[in-house]
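Shown next, in structure tokens, is the structure this report addresses.
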Amino acid sequence: MLDLTYETPKPKVIAGAKHDWELVIGMEVHAQVASNAKLFSGASTRFGAEPNSNVAFVDAAMPGMLPVINDFCVAQAVRTGLGLKAEINLWSAFDRKNYFYPDLPQGYQISQLYHPIVGEGEILVDMAPGVARKVRIERIHLEQDAGKSIHDMDPAMSFVDLNRTGVALMEIVSRPDIRGPEEAAAYVTKLRQILRYLGTCDGNMQNGNLRADVNISICRPGDYEKYQETQDFSHLGTRCEIKNMNSMRFIQQAIEYEARRQIAIVEAGGEVVQETRLYDPEKGETRSMRSKEEAHDYRYFPDPDLLPLEIEQAWVDDIAASLPELPDEKKARFVTEMGLSEYDAGVLTAEVANADYFEQVAEGRDGKMAANWVINELFGRLKKDDKDITDSPVSPGQLGGIIDLIAKGDISGKIAKDLFEIVYTEGGDPARIVEDRGMKQVTDTGAIEAAVDQIIADNPAQVEKAKVNPKLAGWFVGQVMKATGGKANPKAVNDIVQAKLGL
Amino acid sequence: MSIDLETAAKVAKLARIKVEDDALPALADEFNTILGFIEQLNEVDVDGVEPMTSVTPQRLKRREDVVTDGHMPEKILSNAPDAREGFFAVPKVME
């Protein structure tokens, strides 16, 4: 596999009133497994259904109902683990995490505390071309989601919808290797990108299909390195956990606020209390979820309803063989084999659909030129219309056709942009449009000479000036281009203008 | 390990079981009897013995990823003390 070289970014430093501080961040991302049915029942996972219609008796925790695991959800977790270069545990087991909440009818969540299905892996978090942070993954486990409580439909009551109850989640736990708010957002971005490439989670943050808990502590410069050397947490400060964030912007704001809060406490001689906090985007602050503290006594124990989950190495190997090319590999290939800049390669590989589109355009053509057209013209135009690549009115074949016409010298770059707009709005075969509408570049020197002669004859004063100041030749080139409707070959025009003006 | 009244009260609270104060000593005693038994079991050397997860040699059953259930909100809600507009209605819980 190809690897791009990279440097490690500098940690974010926040100046306190007394001295400088650094951040240490670990994340727990809950990613909803892309599946048809729930983790332990045959009810649908479809978002937006009528309340309580995607609920089986198992999900509602009716007495006597037993969970039966969804094979595909297990495969998806394995696939995710492989995509994060993690070890897959052929033997894992389910535990009950006990707590009471109205949207958790069982009174416990089935999770994997002691024996998760996926062990240690890693994610390379891209910060800028040539700058990336390797973040270690501690584990991924499978667990059930809870239901949804709605608090604003009635002043005295909360309304509970169990459609989400029992939907499979992957909890992806990182080590405290993230060193600033931007890195935290970039980590979630990269994780989301990998999950979407793998097809194991749709990454829809708005619907809550990907949400993050962020653990933050502060330390003095130098202490983090001591932690990394020894893996001894005593070099780091006490952490607080901010729960359930589903926006990159809020994640950054919350970390920023929380770091400053902790710095203020420590610099005033106080101590940070380990606790769970919530971020309030309206007030821009975090606050303690005191109610969670006592409930933190989860009394985990192995779920007696479920035997250990044993999977075969051959099955894991089959899944490994079906993995797609992942973002890092794709990006490296675009850079090393197609000659793209790392920045362009990064833009094109952000979404697999974009990368696929680009590869179809670049097939048999100049990679850089294809990248320019896809990124600057197509993406720019789609963005203007708020469209996705999948709704692009211009197919890769059509865009490739435009590029071919430029490469053959049939049209100039400027005409190509007009042609692109025509293909975008009206459709059609680019070569035929050029033919039918007389957009072909004029390379016939006779015609260009005639146009140049005409301009020179019409502008004697400019001719005199140009003889003194040769830079004015550009003005003549412009006039000729205008006169020929932009169809003249600019290089040919330039040569002829120079010759005729005797420069 | 010995369970005092405070721990007994906490366990009851975590399990959402109401225990009157005068019933706590008896509850703590029961816990201690159970824990005593567990401690006795702990004396057995189980080093290298795999925990038994099933009495019959069977593996975890799995289902296919097919929607086979649901679409019965009225049945799901039929035991609810209060349900409105398709939702379970519960006393307000706010974080």
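From its DSSP helices (H runs of at least four residues, each -39,500 (n - 2.57)), chain A gives a residue-normalised ellipticity at 222 nm of -11500 deg cm²/dmol. Here nothing in chain A passes the span test, since no DSSP H helix has an alpha carbon length of 27 Å or more along the helix axis and a Kyte-Doolittle mean of 0.5 or above. When exposed loop sites are taken as GluC sites (Glu not before Pro) in a DSSP loop with at most 10 other Cβ atoms within 10 Å, the longest stretch of chain A clear of them is A:1-270.
Among beta bridges identified by DSSP and lying wholly in the protein assembly as shown, the antiparallel ones come to about 90 percent. Normalised by 2.2 N^0.38 Å, where N is the number of residues, the alpha-carbon radius of gyration of the stretch A:332-436 equals 1.02.
Relative to the Cα centre, the charge distribution of the protein assembly as shown, modelled as +1 at Lys and Arg Cβ and -1 at Asp and Glu Cβ, gives a dipole magnitude of about 2320 debye.
The distance between label points at A:R287 and B:V49 comes to 5.3 nm (points 7 Å beyond Cα on the Cα→Cβ vector). Annotation for the stretch A:4-106: trypsin sites (Lys or Arg not before Pro) lying in DSSP loop with at most 15 further Cβ atoms inside 10 Å of their Cβ are A:K18, A:R46, A:K85. For the listed residue pairs A:K10/A:K387; A:K97/B:K75; A:K85/A:K417; A:K330/A:K482, the alpha carbons are over 32 angstrom apart in A:K10/A:K387; A:K85/A:K417; A:K330/A:K482. The mean of 1/r over all pairs of different alpha-carbon atoms in the stretch A:58-191, once inverted, gives a Kirkwood hydrodynamic radius of 16.9 Å.
Near A:Y300, the amide H atoms lying under 5 Å from its own belong to A:N98; only residues 5 or more places off or on other chains count, and H is placed 1.01 Å from N. Find how many whole Å separate the alpha carbon centroid of the stretch A:425-454 from the alpha carbon centroid of the stretch A:74-129. Cα centroid of the stretch A:74-129 versus Cα centroid of the stretch A:425-454: 61 Å apart.
Computed over the stretch A:445-501, the convex hull of the alpha-carbon atoms projects to a mean area of 3.2 nm². A crude spin-label estimate for the pair A:K226 and A:D386, with each label 7 Å from Cα along the Cβ direction, gives 5.3 nm.
Treat chain B as a sphere of radius equal to its Kirkwood radius over Cα pairs and apply Stokes-Einstein at 4 °C in a medium of 1.567 mPa s; give the translational diffusion coefficient in µm²/s, rounded to a whole number. Rounded to a whole number, D works out at 67 µm²/s.
To the nearest 0.05, how large is the calculated FRET efficiency for A:R299 and A:R260 if R₀ is 51 Å and r is the Cβ-Cβ distance? If you can, show how the numbers build up before the last one.
Details: r = 36 Å, r/R0 = 0.70.
E between A:R299 and A:R260, to the nearest 0.05, is 0.90.
Equivalent ellipsoid of the protein assembly as shown: semi-axes from √(5λ) of the C-alpha gyration tensor, largest first, are 62, 29, 24 Å.
Given the options B:T53, B:T68, B:T33, which has the most mean-square fluctuation in a GNM of chain B, springs set between C-alpha atoms less than 10 angstrom apart? Top of the fluctuation ranking is B:T68. Here A:Q498 and A:I14 are evaluated by their C-beta separation; at R0 = 60 Å the FRET efficiency comes out at 0.50.
Projecting the Cα atoms of A:A473, A:G346, A:M65 onto the charge dipole of the protein assembly as shown (Cβ charges, centred on the Cα centre) puts A:A473 farthest toward the positive pole. Positive-end ranking of A:A362, A:G380, A:T390 along the dipole of the stretch A:348-410, with charges on Cβ about the Cα centre, is headed by A:G380.
Sites listed here are chymotrypsin sites (Phe, Trp or Tyr not before Pro) in the stretch A:1-95 whose DSSP assignment is loop and whose Cβ has at most 16 other Cβ atoms within 10 Å: A:F47.
With coordinates expressed along the principal axes, the C-alpha atoms belonging to the stretch A:16-294 extend over 59, 47, 32 Å, beginning with the largest.
Rounded to the nearest 5, the antiparallel percentage of DSSP beta bridges internal to the stretch A:16-294 is 95%.
For the stretch A:400-431, trypsin sites (Lys or Arg not before Pro) are listed when DSSP marks them as loop and at most 13 other Cβ atoms sit within 10 Å of their Cβ; the list is A:K408.
No lab work stands behind these numbers, since they all come straight from the coordinates. All values reported here derive from a predicted model rather than from experimental measurement. Reconstructed Cβ throughout: ideal geometry from the backbone, glycine too, with neighbour counts over all protein chains shown.
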